[in-house]
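Some notes on the structure that comes next.
Derivation of every value follows stated rules applied to the coordinates shown; laboratory data play no part. Note that this is a predicted model, so its numbers are computed, not measured. Backbone-built Cβ (ideal geometry, glycine too); neighbour counts: all protein chains shown.
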């Protein structure tokens with residue numbers, strides 16, 4: 001039996017095409033990049049969550065010389081939200097990066113571990129979260145649910 005899987009997303013030339021609130025989230029994610037601890041890769045990643053009550057939770061990558069003991073920005077933010085705002089739905093996750101590990105016009109995309117945590121967060125809250133990925137030049141991808149990034153998440157089917 002053949003089946004087909006389709007993922008819908010939006011692409012914008014620049015994040016200025018997003019809502020004013022989403023543009024603020026992007027700006028705050030870039031601010032979070034500035035506090036990333038990335039002395040080894042020199043690749044700074046910032047993430048911002050928007051919770052249903054309007055709270056913003058920021059995260060940034062935290063590297064460690066004993067690789068892989070560090071943690072990605074997305075998981076820093078998601079785990080903080082889970083620990084400090086249990087039961088509060090996450091509406092949006094914004095991810096941005098600065099550095100030369102990817103081309104300036106390419107969006108950083110969550111790693112596999114982060115994708116699984118995003119999927120688990122959606123499963124736990126029984127609702128999707130919007131994912132916004134922004135390149136260093138402003139090019140933007142918007143997904144209406146995190147599971148679009150990991151369609152066959154572990155334990156979810």
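A few points about this structure:
- Peptides ranked, highest mean first, by Cβ atoms within 10 Å: ranges 63-71, 3-11, 78-86: 78-86, 63-71, 3-11
- A crude spin-label estimate for the pair residue 31 and residue 101, with each label 7 Å from Cα along the Cβ direction, gives 2.4 nm.
- Estimated [θ] at 222 nm from DSSP helical runs (n ≥ 4, -39500 (n - 2.57)) normalised by residues in the chain, nearest 500: -8500 deg cm²/dmol
- Euclidean distance of C-alpha centroids, the stretch 28-69 and the stretch 120-157, integer Å: 17
- Beta-bridge orientation, the stretch 23-157: approximately 75 percent antiparallel, per DSSP, counting only bridges with both partners inside.
- Multiplying the residue separation of residue 51 and residue 113 by 0.36 nm and subtracting their alpha-carbon distance yields 20.2 nm.
- The stretch 93-149: relative contact order as a whole-number percent, Cα under 8 Å and 6+ apart: 43
- Using a cutoff of 8 angstrom between alpha carbon atoms and counting only pairs six or more residues apart, the relative contact order for the chain works out to 24 percent.
- Between residue 19 and residue 124, the FRET efficiency from the beta-carbon distance, with R0 = 25 Å, is close to 0.45.
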